[in-house]
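Engineer: The structure's right below; bear with me while I get my questions together.
No value in this document is a laboratory result; all are computed from the given coordinates. For clarity, every value in this text was computed on a predicted model and none was experimentally measured. Please note: Cβ atoms are built from the backbone with ideal geometry, for glycine as well, and neighbour counts cover all protein chains shown.
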Amino acid sequence: MESFYREQIAKLEAERQQLIIMRGNASPDAIGGVKNRLMAVEAELARLKKELVENIQKTPQPSSKMSQPIKKILMVTAHTGSRLDISKEHSEITIKLQNQPPKFDFQLRKSLNINEFKELPEVIKPDILHFSGHGEQGGNAGIYLLNEDKNGESLLKTQSLGVLFEYFQQENLALQLVLLNACYSANQAEIIAKYVQYVIGTTTDIGDKAAIAFSRGFYFRLEKEFNIEHAFRSGRTEACLVGAEKKHFILYKDSKKMNI
């Protein structure tokens, strides 16, 4: 069943790419038909991907020690009322990470406040911490989480992020990567990079489509080989295919910004 879904998704993805090209070259008389077909294809893709994720999650996992996940990924979000397609991003990542035996334990935690953002990594002890949300630049640089009562937002400023990740380092949390898939997260990434080997951030408001494309490309490559630099290039490339620019994504390694 899973192979059927993947085959159908691959066919529709190919058709979608052709329709996107046709849309740019279509005559005024033909553009309506192309757009309608593109909308239908995208709707069918969304349906198939949703069903594939549900099918994967229902499939029993092998119990042998050799098949247990060896890397933990904790994806955290803080929905503050702005439009973020977290469900789609989560579904795309889930699809890319599926393999037998599984290589990853991928967990999602939604609507975190600042206290939960501190405590969850201590409890789960992830190898990768993936933040999907909103960032702020300038004098108020930081990331937005929910406030204590979860009825509004609260800005966790860059300086406080530094204190938090310094604490994680002191507590021997073995974070290998922090991925800030959020707008305006360059300053935050630079600070966190003092305490985590790899950190990914963005230099602009990348938009939902580019953020999801980056995640899709990043985890597609990471599932093939646990190489963060190769995965970064893959994610950046997919984001550029939907309108982003290479300069919009930055990678730090050992506190230094990489030129890759």
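Engineer: Using +1 at the Cβ of each Lys and Arg and -1 at the Cβ of each Asp and Glu in the chain, identify which of Gln159, Thr237, Tyr184 lies farthest towards the dipole's positive end.
Structural biologist: Thr237
Engineer: Turning to a different aspect of this structure: Can you tell me the convex hull volume per residue for the chain, based on C-alpha atoms, in Å³ to the nearest whole number?
Structural biologist: Taking the convex hull of the Cα positions in the chain, it is 146 Å³ per residue.
Engineer: Angle, helix 158-170 long axis vs. longest principal axis of the chain, Cα atoms, 0 to 90°, nearest 10?
Structural biologist: It is inclined by approximately 70 degrees.
Engineer: Quick check on region 128-260: take the gyration tensor over C-alpha atoms, sort the square-rooted eigenvalues as a ≥ b ≥ c, and tell me if it's rounded (a/c under 1.5), prolate or oblate. The partial results should precede the final answer.
Structural biologist: On the way: a/c = 1.70, a/b = 1.24, b/c = 1.38.
Taking the square roots of the gyration eigenvalues as a ≥ b ≥ c, region 128-260 is oblate.
Engineer: Shifting gears a bit: From the square roots a ≥ b ≥ c of the eigenvalues of the alpha-carbon gyration tensor of region 77-179, which class results: rounded (a/c under 1.5), prolate (a/b over b/c), or oblate?
Structural biologist: Working: a/c = 1.99, a/b = 1.25, b/c = 1.59.
Here region 77-179 falls in the oblate category.
Engineer: Turning to a different aspect of this structure: Would you calculate a helix-derived [θ] at 222 nm for the chain, using -39,500 (n - 2.57) for each DSSP H run of n ≥ 4 and dividing by the full residue count, to the nearest 500?
Structural biologist: On the way: 8 runs with 126 residues, N = 260.
It comes out at -16000 deg cm²/dmol, rounded to the nearest 500.
Engineer: Between helix 31-58 and the chain, what is the angle of the helix's C-alpha long axis to the longest principal axis, kept within 0 to 90° and rounded to the nearest 10?
Structural biologist: Approximately 50 degrees, to the nearest 10.
Engineer: Same structure, new question: What does the net charge come to around Ile31 if you take all other residues with beta carbon closer than 14 Å to its beta carbon, with K and R at +1 and D and E at -1? Intermediate results must be reported in sequence, preceding the final value.
Structural biologist: Details: positive: Arg23, Lys35, Arg37; negative: Asp29.
Every neighbour counted, the sum reads +2.
Engineer: Now a separate question. I'd like the orientation of helix 114-124 relative to the chain: the angle between its Cα long axis and the longest Cα principal axis, in ° from 0 to 90, rounded to 10.
Structural biologist: Result, in degrees: 80.
Engineer: For the chain, build the charge dipole from Cβ charges (+1 Lys, Arg; -1 Asp, Glu) around the Cα centre, then report which of Ile143, Leu112, Ile128 sits farthest towards its positive end.
Structural biologist: Positive-end residue among those listed: Ile128.
Engineer: Additional query: For region 151-224, what class follows from the C-alpha gyration tensor (a ≥ b ≥ c being the square roots of its eigenvalues): rounded when a/c is under 1.5, otherwise prolate if a/b is larger than b/c, else oblate?
Structural biologist: Values: a/c = 2.09, a/b = 1.22, b/c = 1.71.
Oblate.
Engineer: Let me ask you something else. If you place +1 on the Cβ of every Lys and Arg, -1 on the Cβ of every Asp and Glu, and leave all else neutral, what size is the dipole of the chain about its Cα centre, to the nearest 20 Debye? Mind showing how you got there, number by number?
Structural biologist: On the way: 35 positive and 32 negative charges, 118 e Å.
Value, rounded to 20: 560 debye.
Engineer: Lys and Arg at +1, Asp and Glu at -1: add these up for the other residues within a Cβ distance under 15 Å of Val123 and post the number.
Structural biologist: On the way: positive: Lys72, Arg109, Lys118, Lys125; negative: Asp105, Glu116, Glu119, Glu122, Asp127, Glu171.
Net local charge, Val123 excluded: -2.
Engineer: Per q in 0.22, 0.23, 0.28 Å⁻¹, report the Debye log10 I(q)/I(0) for region 181-223, using one uniform scatterer on each alpha carbon and no solvent.
Structural biologist: -0.78, -0.82, -0.96
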